[in-house]
1. Quick one: order D93, D74 by neighbouring beta-carbon count within 10 Å, fewest to most.
2. Given the Cα-Cα distance of E41 and T71 and 0.36 nm per residue of separation, how much length would full extension add, in nm?
3. Bin width 10 Å, alpha-carbon pairs only: give the P(r) of the chain as whole percents, running from 0 to the bin holding the largest distance.
4. Which order do peptides 99-107, 111-119, 78-86 fall in by mean Cβ count within 10 Å, highest first?
5. Quick check: residue separation of Y48 and T141 times 0.36 nm, minus the Cα distance between them. What number comes out in nm?
6. Return the FRET efficiency for the residue pair A32, E148: r is the Cβ-Cβ distance, R0 is 35 Å, and the value is rounded to the nearest 0.05.
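Please treat every number below as a calculation from the coordinates, not as lab data. Just so it is clear, the model here is predicted, and its values are computed rather than measured. Cβ sites come from the backbone with ideal geometry, for glycine too, and all protein chains shown count toward neighbours.
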Amino acid sequence: MEALFYIVPLIMIAGAVFMLYRTLGRARQVSAAWNSGITAEGRCLRAYTSTSGGGGDTSVHTTLHHVYEFTTRDGRPFRFDEGGGPGTTVEGDIVTVYYTPDRPESATALTPGRGRLLAGTGCLVAFFAVFIAFCVFFMVTAHWIFAETDDFMP
């Protein structure tokens, strides 16, 4: 039973570290695409929403996704799905796609907004840091409680 108070928080920490890795990786990809200066004309092929949550007392969170297609300067066609795009972009719209020549599959159609990217990434990093700190605090507290109760057991 005691191991449960260590295993579950460790699994939660592993999940948070993985999500932190993904968040920082995507922010780095978007920033590199903006900084490369290479753009292409792209077309929105599809717009759709995905929902999460909504069970019990939780609210529903809806994310708008777009599927874009563009052709690189060397003539290779690429298609990518991007979440969190503008609600004004609809199927058939022409957009500017930013990409790096070595990784066109990690392109973005988001308009450059370095401050917005930094603020969003910073908030997520802070959230994951607090979450991980809480898990560690929980494990230390559980360890302390179990150590104290073991001293009084006959």
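1. Working: D93 16, D74 7.
In increasing order of surrounding Cβ atoms, one gets D74, D93.
2. On the way: separation 30, 0.36 × 30 = 10.80 nm, distance 0.76 nm.
Taking 0.36 nm per residue and subtracting the Cα distance, the gain is 10.0 nm.
3. Whole-percent P(r) values from 0 Å outward: 10, 26, 27, 17, 11, 6, 3, 0.
4. Numbers: 99-107: 16.4, 111-119: 12.1, 78-86: 14.9.
Taking the mean over residues of other Cβ atoms within 10 Å, the ranking is 99-107, 78-86, 111-119.
5. Details: separation 93, 0.36 × 93 = 33.48 nm, distance 4.48 nm.
Here the segment from Y48 to T141 would lengthen by 29.0 nm.
6. On the way: r = 51 Å, r/R0 = 1.46.
Efficiency for this residue pair is about 0.10.
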